[in-house]
Amino acid sequence: MGRRWLLLVIILMMLPVNVHASETDTKQAWNDIAANVLEFGKQEEFDRAKVMLEEFAQTFPGEAGDELTTTELRIVLNAHDRAMQSITAVDKASEQRIQALTEFRLAVDALVSTDQPMWRQMDDKLLQLINEMSTAIEHSDIDVYESSKSRFIGTYSIIKPAMAIDLSAETQQRLDSHIAFIERYASAKDKQLVGQLKTMHNDFENAFNKSKEKDDASILWMIVSIGGIITLTLIYVAFRKYQGEKESQKRKQVD
């Protein structure tokens, strides 16, 4: 009875790994398609990128859709629609098309990746642009401020869908409020804007750090899960060995 119980526990511990194996394959297929879409776009082979986007539409969300939240579905589908519209519109420049394809690529990667999502690699660039805006205001350099602001908003718009997948709604809303302020009300002539930009810098920095903490927690959970399976397996093996030795001793006593 004891051996059966231990075997059942081990099977139950390992079952989720087997169940999620097919889902992992499906998500990896999404990621591979998104990677090909962007690669074809960079090569300006937009017809081939369109074919890959159509293939994605046929496979997403599929059976793995039950694992996704409504927000994740909405974000990825919207990014997919924008990517498709960008490469089919005759009036779009290549740079605009690639930006839309990059946005789609990062969103899918954020959905699939459990460690080091690609959008997080943009932290240095975004924070540097905020610093450039602050410096430009201090030196009353309106042209530099406007240029840095334009590049910042453009970069943020590309990674925003991916960030929205990984970050909480509250964090995302706080970041969006900063963007709305500098787009509508901020003036390079207002020296007090430096304080606002400092707050924005801190909020973006914290957002990137929160994503890192999330990755660390995922890794820890994986280590604990694998460790638990290994421990139970060792216990089962030790128990079998103990039972075998016990039965061997009984046979010797009988002999």
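Return the ratio Rg/(2.2 N^0.38 Å) for the stretch 115-210, where Rg is computed over Cα atoms only.
Against the compact-globule rule of thumb, the ratio is 1.04.
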Rh (Kirkwood, all Cα-Cα pairs) for the stretch 56-179, Å, reads 15.9 Å
I'd like the per residue volume of the convex hull spanned by the Cα atoms of the stretch 22-112, given in cubic angstrom.
74 Å³
In what sequence, highest mean first, do 122-130, 183-191, 101-109, 168-176 appear when ranked by Cβ atoms within 10 angstrom?
101-109, 122-130, 168-176, 183-191
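Computed from the coordinates by the stated procedures, all read-outs in this text should not be read as laboratory data. Because the structure is predicted, anything quoted here is derived from the model rather than measured. Cβ atoms come from the backbone with ideal geometry, glycine included; neighbour counts cover every protein chain shown.
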